[in-house]
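Structure in structure tokens, see below.
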Amino acid sequence: MSQQTLSKAGTKASSGYKYTFAARMAKTPKSFIREILKVTEDPRIISFAGGLPNPELIDVDGVARATAAVLAEDGRVALQYSTTEGYRPLRQFIADRYKKRLGLDISPDEILITNGSQQCLDLIGKVLISAGDHVAIERPGYLGAIQAFSLYEPVFHPVLLHEDGLDPAQFAHELKANPIRFFYGVPNSQNPSGVTYSEQRRKDIAELLRGKNTLLVEDDAYGELNFAGKSLPSFRQYLPEQTIITGSFSKILAPGIRMGWVVAPPAIMEQLVIAKQASDLHSNYLSQRIAYEYLTHEDIDTKIRVIQARYKAQAELMVSLMKELMPASVRFTTPQGGMFVWVTLPEGISSMEVFERVLKEDVAVLPGTPFYTDGGGKDTLRLNFSNSSPEKIRAGIGRLARVIRDMDRP
Ligand code: PMP
């Protein structure tokens, strides 16, 4: 029995009662990020470890106005139970935005409102994965998806991610070798790597899936955060009947309202709605009404442009400092959007050791191993740039580079 199974299955109360849990819990990793965030709560620490949107860009006054309006105009309805699928005008708003941003024809009937887009991943796992099913995922992959899917006990097939997207040759090989239920990926400003798939890569991946019995789950949590305001095609454009898209208001409105959605073809939607019903009846209806009120009365496009400009400046500053200060053997991505830079350390340098050393200098970084389902990534780090001021980025990258330079000396 592994150590993890022992500690989970053998937790004892002072009365001697032994708590036991479903076997699936032992297979699900605890979020390492949440553990690290506990360490970094100290305000003195410059944290590149988390993944929070910049709090200065959260429009508290706008949300207050929207909340007051909803409660004043329709409070009794907004505080009542509602439908599982979600507030229809909000679903229509999302559908219209897909048309405007990506030229996609999506019916509101194909949209289900969820409790953040994280819930989509749980629901997708619930309706698509039986224990032992094969799931392909990016390497490195989004930790929240690894955690959500792990509860349904799949066999993961990590596929290498390059600066221009997924490795098509390895993906083709995985598709041939195993009956893959679905591929899960984040083609826009991926978490953790910051990579955006090129248009050609999207076409390549779609072609590999055409005619196959494999779905594609496109997590588009960062789709609106491209620094140039540019939108690359969704996989739905190439494979409308095989693509599920997940979306979120967390990065453009506020994560605390926990509003996300999933777009799926009708047969899948039917199953997702059943799973959602069983899990929480429906998403917070008051939040849905507030989000809709906000989105239709405030200038969301201008707000998104402000977020893009701020994150672009912060990302550019971080990357330029890294170019200037890091040893040449350190590699890192240049994100076109999102919130993260991904670092690969020189051979033989452990990211866990970098984490420990730089924490002594009040800087927190995130070792990359939790983003690997195969134990890899020991020489990688994820750096968040959205939640640090330019001063903190300057100071933090300076200290991080010094630590890595010291460790890199022969
Ligand atoms: N997908 C990705 C790729 C993410 O980075 C996140 C947030 N860390 C989520 C989904 C979940 O976000 P939310 O539930 O707030 O929509």
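The values are calculated or read from the model by the stated rules, or taken from the named source; none is laboratory data. These numbers come from a predicted model, not from an experiment. As a convention, Cβ positions derive from the backbone with ideal geometry for all residues, glycine included, and neighbour counts pool all protein chains shown.
Return the pairs, sorted by first residue and then second, in which the second residue is basic (Lys, Arg) and outside any helix (DSSP H, G or I), the first residue lies in the range 386-406 and is closer than 18 Å to residue 43 by Cβ and not assigned by TED's automatic domain parsing to the domain that holds residue 191, the beta carbons are less than 9 Å apart, and the residues are 6+ apart or on different chains.
386/251
Same structure, new question: Testing residue 366 on (1) under 23 Å from the mean Cα position of the chain (by Cα); (2) closer than 30 Å to residue 68 by Cβ, one condition comes back false. Which one is that?
The one condition residue 366 does not meet is (2).
Another question, if that's okay. Looking at 281, 209, can you tell me which residue is of a type outside the set (Gly, Ala, Ser), over 24 Å from residue 82 (Cβ atoms) and either modelled with pLDDT of 95 or more or over 19 Å from the mean Cα position of the chain (by Cα) (or both)? So that I can check it myself, show each step before the final result.
Working: 281 fails: over 24 Å from residue 82 (Cβ atoms).
Of the residues listed, the single one that is of a type outside the set (Gly, Ala, Ser), over 24 Å from residue 82 (Cβ atoms) and either modelled with pLDDT of 95 or more or over 19 Å from the mean Cα position of the chain (by Cα) (or both) is 209.
Working only within the range 316-342, note down all residues that are in contact with a strand residue (DSSP E or B) (Cβ under 7 Å, 6 or more places away or on another chain), in contact (Cβ under 8 Å) with a residue 40 or more places away in the chain, within 23 Å of residue 228 (Cβ to Cβ) and not aromatic (Phe, Trp, Tyr).
Once the filter is applied, which keeps residues that are in contact with a strand residue (DSSP E or B) (Cβ under 7 Å, 6 or more places away or on another chain), in contact (Cβ under 8 Å) with a residue 40 or more places away in the chain, within 23 Å of residue 228 (Cβ to Cβ) and not aromatic (Phe, Trp, Tyr), the range 316-342 yields 318, 322, 333, 335, 336, 337, 339, 341.
When the residues of the range 180-196 are filtered to those that are within 11 Å of the ligand (Cβ to nearest atom) and either outside any loop (DSSP other than H, G, I, E, B) or not assigned by TED's automatic domain parsing to the domain that holds residue 133 (or both), which remaining residue is nearest to residue 336 (Cα to Cα)?
185
Here's another thing I want to ask about it. Are any residues in the range 208-220 assigned to a loop (DSSP other than H, G, I, E, B) and within 16 Å of the ligand (Cβ to nearest atom), and if so, which ones? Break it down into steps so the answer makes sense when it comes.
As a first pass, look at the range 208-220 and keep what is assigned to a loop (DSSP other than H, G, I, E, B): 210-214, 220.
Scanning the range 208-220 gives a single hit, 220.
Rundown of residues vs (1) touching a strand residue (DSSP E or B) at 6+ places or on another chain (Cβ under 7 Å); (2) among the aliphatic types (A, V, I, L, M), yes/no style:
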site	(1), (2)
38	no, no
70	no, yes
109	no, no
112	yes, yes
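Do we find a residue being in a loop (DSSP other than H, G, I, E, B), more than 16 Å from the ligand (Cβ to nearest atom), without any contact (Cβ under 8 Å) to a residue 60 or more places away in the chain and over 21 Å from residue 305 (Cβ atoms) anywhere in the range 197-207?
Residues of the range 197-207 that are in a loop (DSSP other than H, G, I, E, B), as a first pass: 197-198.
Subsequent filtering for residues that are more than 16 Å from the ligand (Cβ to nearest atom) retains 198.
The next check asks that each one be without any contact (Cβ under 8 Å) to a residue 60 or more places away in the chain; those that pass are 198.
From what is left, the residues that are over 21 Å from residue 305 (Cβ atoms) are 198.
Scanning the range 197-207 turns up at least one residue that is in a loop (DSSP other than H, G, I, E, B), more than 16 Å from the ligand (Cβ to nearest atom), without any contact (Cβ under 8 Å) to a residue 60 or more places away in the chain and over 21 Å from residue 305 (Cβ atoms).
Does the range 322-355 hold any residues that are in a helix (DSSP H, G or I), in contact with a Gly (Cβ under 7 Å, 6 or more places away or on another chain) and under 18 Å from residue 394 (Cα atoms), and which are they? If you could, list the steps in order and put the result at the bottom.
Quick first cut of the range 322-355, residues in a helix (DSSP H, G or I) only: 322-325, 351-355.
Imposing the further condition that a residue be in contact with a Gly (Cβ under 7 Å, 6 or more places away or on another chain) reduces the set to 325, 351.
Result: 325, single match.
Within the range 97-115, identify whether any single residue is under 30 Å from residue 364 (Cα atoms) and either assigned by TED's automatic domain parsing to the domain that holds residue 249 or touching a residue at least 40 places away in the same chain (Cβ under 8 Å) (or both), and answer yes or no.
Of the residues in the range 97-115, the ones under 30 Å from residue 364 (Cα atoms) are 115.
Filter once more, so that each one left must be either assigned by TED's automatic domain parsing to the domain that holds residue 249 or touching a residue at least 40 places away in the same chain (Cβ under 8 Å) (or both): 115.
Yes; the residues of the range 97-115 include at least one that is under 30 Å from residue 364 (Cα atoms) and either assigned by TED's automatic domain parsing to the domain that holds residue 249 or touching a residue at least 40 places away in the same chain (Cβ under 8 Å) (or both).
Select from the range 84-111 the residues that are over 17 Å from residue 282 (Cα atoms) and among the hydroxyl-bearing types (Ser, Thr, Tyr) and write down the one among them that is surrounded by the fewest Cβ atoms within 10 Å (Cβ to Cβ).
107
To continue, here is another question. Might you let me know whether the range 141-164 holds any residue that is touching a Lys or Arg at 6+ places or on another chain (Cβ under 8 Å), buried (at least 23 other Cβ atoms within 10 Å of the Cβ) and part of a helix (DSSP H, G or I)?
No, there is no match, as no residue in the range 141-164 is touching a Lys or Arg at 6+ places or on another chain (Cβ under 8 Å), buried (at least 23 other Cβ atoms within 10 Å of the Cβ) and part of a helix (DSSP H, G or I).
Take the residues in the range 221-263 that are crowded, with 23+ Cβ neighbours inside 10 Å, assigned to a loop (DSSP other than H, G, I, E, B) and of a type outside the set (Lys, Arg); name whichever of them is nearest to the ligand (Cβ to nearest atom).
221
Could you tell me whether the range 260-277 includes any residue that is touching a residue at least 60 places away in the same chain (Cβ under 8 Å) and on the phi > 0 side of the Ramachandran plot?
Checked the range 260-277: no residue is touching a residue at least 60 places away in the same chain (Cβ under 8 Å) and on the phi > 0 side of the Ramachandran plot.
Those residues that are assigned to a strand (DSSP E or B), buried (at least 24 other Cβ atoms within 10 Å of the Cβ) and within 15 Å of the ligand (Cβ to nearest atom), I need them from the range 112-136; list them, please. First the steps, then the outcome.
The initial filter retains those residues of the range 112-136 that are assigned to a strand (DSSP E or B), namely 112-115, 134-136.
Cutting the leftovers down to buried (at least 24 other Cβ atoms within 10 Å of the Cβ) gives us 112-114, 135-136.
Within the range 112-136, 112, 113, 114 qualify.
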